[in-house]
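Single-structure report; data block below.
The values are calculated or read from the model by the stated rules, or taken from the named source; none is laboratory data. These figures come from a predicted structure and were not determined experimentally. Cβ sites come from the backbone with ideal geometry, for glycine too, and all protein chains shown count toward neighbours. Just so you know, the surface numbers come from the protein's heavy atoms only, side chains and all, with ligands and any DNA or RNA stripped out. Shrake-Rupley method; radii C 1.70, N 1.55, O 1.52, S 1.80 Å.
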Amino acid sequence: IRIGTGFAQPWAEAATQAANWLQQRGLLLRDAIVLVPYAALIEPVRAAFAQCPGWQPRVETPLTLAASLGPVDEPQAGQCSGDVALDRLQAAQWLDALPAGAPVDRLHAAQWMAEAAGALVSAAAERPPAARVAWHSAVRDALPLAADGSPGAFEAALLRAAAAWAAAAPSPITDRLFALRPSAWLALRIGGPDRLADAVLAHADGPGLLIDLDPSGDEP
């Protein structure tokens, strides 16, 4: 559903429509989970649902919800951690194994490789776990190839190494969301699509509702 931009505080209208949608389907509001894109929205959205009668749903971002479900597994040595500074050190160690005469700025290459791997890890986390292996395989197949000694050969090899490194990263903490079974998933969209929230709704066993708070294309 779309909430019009004429509401100065759209949270109350979003909560009311969400509660009505659940009630019409005989779903319990107290067992529903509401995903918001930013942590700063948790409290105002909770306050809006508090105005609805009965028990309140759980309101979280995907990350805060996942973190509340248990401790985080630390990456093993050598795995892409998602921390650019740590991953840059890991990449630098890999680059140190190259022949001494390799024509490369190793500091710049380590930073570039860490950023590329981190971006791929983040993108992979937005896919459901069952689809992730195929996604990494498609990424590798789409990467450019270059013959040794040809222009761009080192960059192509570095990108493929970053993709392989990202594919071996530990499962993201947000994978836990795909195993949850609330009465319904409700996701508030504001500031553009949230691919992870969209994937959770799309692959949930139960019902889901997307509440779009972004203006439509004819409301610049």
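Details
- Boolean, ARG88 is of a type outside the set (Asp, Glu), surrounded by 12 or more Cβ atoms within 10 Å (Cβ to Cβ) and part of a helix (DSSP H, G or I): yes
- Annotation: of all residues in the stretch 26-84 being of a type in the set (D, E, K, R), outside any helix (DSSP H, G or I) and open to solvent by 50 Å² or more (accessible area, probe 1.4 Å), the one that is farthest from GLY118 (Cα to Cα) is ARG58.
- Here ALA197, ALA184, ALA179 are screened, and the one residue that is at pLDDT 90 or above, loosely packed, with under 15 Cβ neighbours inside 10 Å, within 25 Å of LEU35 (Cα to Cα) and not aromatic (Phe, Trp, Tyr) is ALA179.
- Odd one out for ILE211, checked against (1) touching a Leu at 6+ places or on another chain (Cβ under 7 Å); (2) among the hydrophobic types (A, V, I, L, M, F, W, C); (3) at pLDDT below 90: (3)
- Check on ALA142, among the aliphatic types (A, V, I, L, M) and at pLDDT below 90: no
- Contact map, the stretch 180-200: residues that are in contact (Cβ under 8 Å) with a residue 40 or more places away in the chain paired with residues that are surrounded by fewer than 16 Cβ atoms within 10 Å (Cβ to Cβ) and among the hydrophobic types (A, V, I, L, M, F, W, C), Cβ distance under 6 Å, separation 6+ or inter-chain. Pairs shown: SER183/LEU28.
- For the stretch 120-142, the count of residues that are charged (D, E, K, R) and free of Cβ contacts under 8 Å to residues at least 12 places away in the same chain is at least one.
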